[in-house]
Amino acid sequence: MRHNTAAPVAQLDRALGYGPRGWGFESSRAYDMKTHETWMELAYREAEKAFEKQEVPIGVVIVADNRIIGRGHNMVESLQDPTAHAEIIAITAAANSQASWRLEDATLYVTKEPCPMCAGAIYLSRISHVVYGVNDVSMGACGSAMNVLQNPALRSNVQVTFGILEAKCLGILQTFFRNVRTKKS
């Protein structure tokens, strides 16, 4: 859920770097914001590729040792594959480039909060940090609707940073869905 900025507790949680439901998110202040924005810009370019293909515009880059080891954008419609989400494509590319499915020191940058399937793949690939642009209050699995990545039952403690280039990431999604609604009319 979105923070109610009028609520003092929500303001304090946000200032302390806690997620929408109080899960222990890492504060973006603890990291170099310029670096996050730089990598998110590259994820956004992947989202633009999806947009051009009339796919839901979500893009991902996976970074390790200050270089991209995997990238992807949604290809569900193109491949007629419900699992062809940007995160899954990027994780597969990263694992191939590293010749290992263990991506322990990698950071995944994604324009929209991962769904439960993608959060599960992130958890299984051992990615250590997820940075995303816009929350997904209906299906987000990094704290908005549920939290797979910081679930004590799974012994999962993936760091999560959110809100990076949020307005830009939201804008492309809104434009895409506005276009879809217009075509249906």
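Brief remarks follow.
- Qualifying residues in segment 30-54 (those that are without any contact (Cβ under 8 Å) to a residue 24 or more places away in the chain and of a type in the set (Lys, Arg)) - the one surrounded by the most Cβ atoms within 10 Å (Cβ to Cβ): Arg45
- Matching residues, segment 141-162, being within 19 Å of Ile62 (Cα to Cα) and either under 10 Å from the mean Cα position of the chain (by Cα) or of a type in the set (D, E, K, R) (or both): Ala141, Cys142, Val160, Thr161, Phe162
- Residue match in segment 89-96 (condition: over 16 Å from the mean Cα position of the chain (by Cα), open to solvent by 70 Å² or more (accessible area, probe 1.4 Å) and under 25 Å from Thr35 (Cα atoms)): yes
- Residue check, Ala84 modelled with pLDDT of 95 or more and in a helix (DSSP H, G or I): no
- Scanning segment 108-122 for residues that are over 18 Å from Ala84 (Cα atoms), open to solvent by less than 30 Å² (accessible area, probe 1.4 Å) and at pLDDT 95 or above turns up nothing.
- Arg102 vs. criteria out of contact with any strand residue (DSSP E or B) (no Cβ under 9 Å at 6 or more places or on another chain), surrounded by fewer than 16 Cβ atoms within 10 Å (Cβ to Cβ) and part of a helix (DSSP H, G or I): no
- Only a single criterion out of (1) more than 23 Å from Ser156 (Cβ to Cβ); (2) open to solvent by 60 Å² or more (accessible area, probe 1.4 Å) is not satisfied by Pro57, namely (2).
- Scanning segment 79-98 for residues that are touching a strand residue (DSSP E or B) at 6+ places or on another chain (Cβ under 8 Å) and among the acidic types (Asp, Glu) gives a single hit, Glu87.
- Within segment 123-172, restricting attention to residues that are of a type in the set (D, E, K, R) and on the phi > 0 side of the Ramachandran plot, the residue that is surrounded by the most Cβ atoms within 10 Å (Cβ to Cβ) is Arg126.
The values are calculated or read from the model by the stated rules, or taken from the named source; none is laboratory data. Keep in mind that this is a model prediction, so the values were computed, not measured. All Cβ positions, glycine included, derive from the backbone under ideal geometry; neighbour counts span all protein chains shown. Just the protein is used for accessible areas: all its heavy atoms, side chains included, with ligands, DNA and RNA removed. Shrake-Rupley method; radii C 1.70, N 1.55, O 1.52, S 1.80 Å.
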